[in-house]
Amino acid sequence: MTQAIPKLVTFEDFAAWRPEGGRYELHDGVIVEMAQPVGDHEDVVGFVARKLTVEFDRLNLPYTIPKTALIKPTNSESAYSPDVLLLNRPNLVNEPLWKKESTVSLAASIPLVVEVVSTNWDDDYYTKQGKYEGIGIPEYWVVDYLGLGAKKFTGNPKQPTISIYQLIDGEYQVTHFRGTDRIISPTFPELNLTAEQIFQAGGLPT
């Protein structure tokens, strides 16, 4: 019995098809419907977005955090919808897909991306990390507030961990933060925030 091979979709087809409701990504030509996040996941996303917004507002930086914008790696029929996407507004004029598709693909437009881990943790740690590194995004956070990822990311035994990837000489170098560790962000070096504070936003006991 032969199995039908699904038809691969171009980014243009995906952008034209993408409905208003729901959340979808394009992974190498395959449309992936993202599961509705649980409340704790949304609490963490909201908390991180709020803390980053307060910081870039304090510093009077020309940043914004859109609600549904996409990241499209060049030379790939993929498009990702990050949990938190920090945009550098002055560079959006150089983004050919921004006005029509609210999509960015240039590193200069994307100072920082945050993904909050769900059950499909391998996408955040492997797939997206590789794609974001390829784009040249300077800073990428993986917030694993439940410690779902592999032990090389979350420790042994596994525990809630924030992995911050910093682009150095074209490659990501990762630092892990747990418990009362103060978050060290290359984009926001004065950020006063601990890993524990982020995890508590997701309902973990103090």
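The values are calculated or read from the model by the stated rules, or taken from the named source; none is laboratory data. Keep in mind it's a predicted model, so treat the numbers as computed, not measured. In this analysis, Cβ positions are derived from the backbone assuming ideal geometry, glycine residues included, and neighbour counts consider all displayed protein chains. To get the accessible areas, we keep the full protein, side chains included, count just its heavy atoms, and leave off ligands, DNA and RNA. Shrake-Rupley method; radii C 1.70, N 1.55, O 1.52, S 1.80 Å.
In contact with a His (Cβ under 9 Å, 6 or more places away or on another chain) and more than 25 Å from residue 13 (Cα to Cα) - does that describe any residue in the range 179-187? Before the answer, list the steps.
Looking only at the range 179-187, we keep the residues that are in contact with a His (Cβ under 9 Å, 6 or more places away or on another chain), and these are none.
Checked the range 179-187: no residue is in contact with a His (Cβ under 9 Å, 6 or more places away or on another chain) and more than 25 Å from residue 13 (Cα to Cα).
Hey, among the residues in the range 150-185 that are part of a strand (DSSP E or B) and aliphatic (A, V, I, L, M), which one's farthest from residue 115 (Cα to Cα)? First the steps, then the outcome.
Within the range 150-185, the subset part of a strand (DSSP E or B) is 161-168, 171-177, 182.
Checking which are aliphatic (A, V, I, L, M) leaves us with 162, 164, 167-168, 174.
Values: 162: 10, 164: 11, 167: 16, 168: 20, 174: 15 Å.
Filtering the range 150-185 for residues that are part of a strand (DSSP E or B) and aliphatic (A, V, I, L, M), the one farthest from residue 115 (Cα to Cα) comes out as 168.
Please specify each residue of the range 132-172 satisfying the condition of being closer than 21 Å to residue 43 by Cβ and touching a residue at least 40 places away in the same chain (Cβ under 8 Å).
Listed by number, the residues that qualify are 141, 143, 145, 146, 160.
For residue 146, indicate whether it is touching a Pro at 6+ places or on another chain (Cβ under 8 Å), surrounded by 15 or more Cβ atoms within 10 Å (Cβ to Cβ) and either hydroxyl-bearing (Ser, Thr, Tyr) or outside any strand (DSSP E or B) (or both). Spell out how you get there, then give the answer.
Numbers: touching a Pro at 6+ places or on another chain (Cβ under 8 Å): yes; surrounded by 15 or more Cβ atoms within 10 Å (Cβ to Cβ): yes; either hydroxyl-bearing (Ser, Thr, Tyr) or outside any strand (DSSP E or B) (or both): yes.
For residue 146, the condition - touching a Pro at 6+ places or on another chain (Cβ under 8 Å), surrounded by 15 or more Cβ atoms within 10 Å (Cβ to Cβ) and either hydroxyl-bearing (Ser, Thr, Tyr) or outside any strand (DSSP E or B) (or both) - is met.
Of all residues in the range 92-126, which are open to solvent by less than 50 Å² (accessible area, probe 1.4 Å), of a type in the set (S, T, N, Q) and part of a helix (DSSP H, G or I)?
109
Within the group 139, 101, which residue is farther than 30 Å from residue 179 by Cβ, acidic (Asp, Glu) and in contact with a Leu (Cβ under 9 Å, 6 or more places away or on another chain)? Walk me through how you get there before you give the answer.
On the way: 139 fails: farther than 30 Å from residue 179 by Cβ.
101 is the lone residue from the list that is farther than 30 Å from residue 179 by Cβ, acidic (Asp, Glu) and in contact with a Leu (Cβ under 9 Å, 6 or more places away or on another chain).
Select from the range 166-205 the residues that are surrounded by fewer than 14 Cβ atoms within 10 Å (Cβ to Cβ) and at positive phi and list them in ascending order.
Those that are surrounded by fewer than 14 Cβ atoms within 10 Å (Cβ to Cβ) and at positive phi: 169, 170, 179.
Looking at 158, 99, 151, which is the one that is among the basic types (Lys, Arg) and closer than 25 Å to residue 31 by Cα? Steps first, please.
Numbers: 158 fails: closer than 25 Å to residue 31 by Cα; 151 fails: closer than 25 Å to residue 31 by Cα.
Of 158, 99, 151, the one residue that is among the basic types (Lys, Arg) and closer than 25 Å to residue 31 by Cα is 99.
So residue 54 passes all but one of these: (1) in contact with an Asp or Glu (Cβ under 7 Å, 6 or more places away or on another chain); (2) under 30 Å from residue 197 (Cβ atoms); (3) open to solvent by 30 Å² or more (accessible area, probe 1.4 Å). Which condition number does it fail?
All conditions are met except number (1).
For the list (1) under 23 Å from residue 145 (Cα atoms); (2) out of contact with any strand residue (DSSP E or B) (no Cβ under 7 Å at 6 or more places or on another chain); (3) open to solvent by 30 Å² or more (accessible area, probe 1.4 Å), I need the number of the one condition that residue 12 fails.
Failing condition for residue 12: (1).
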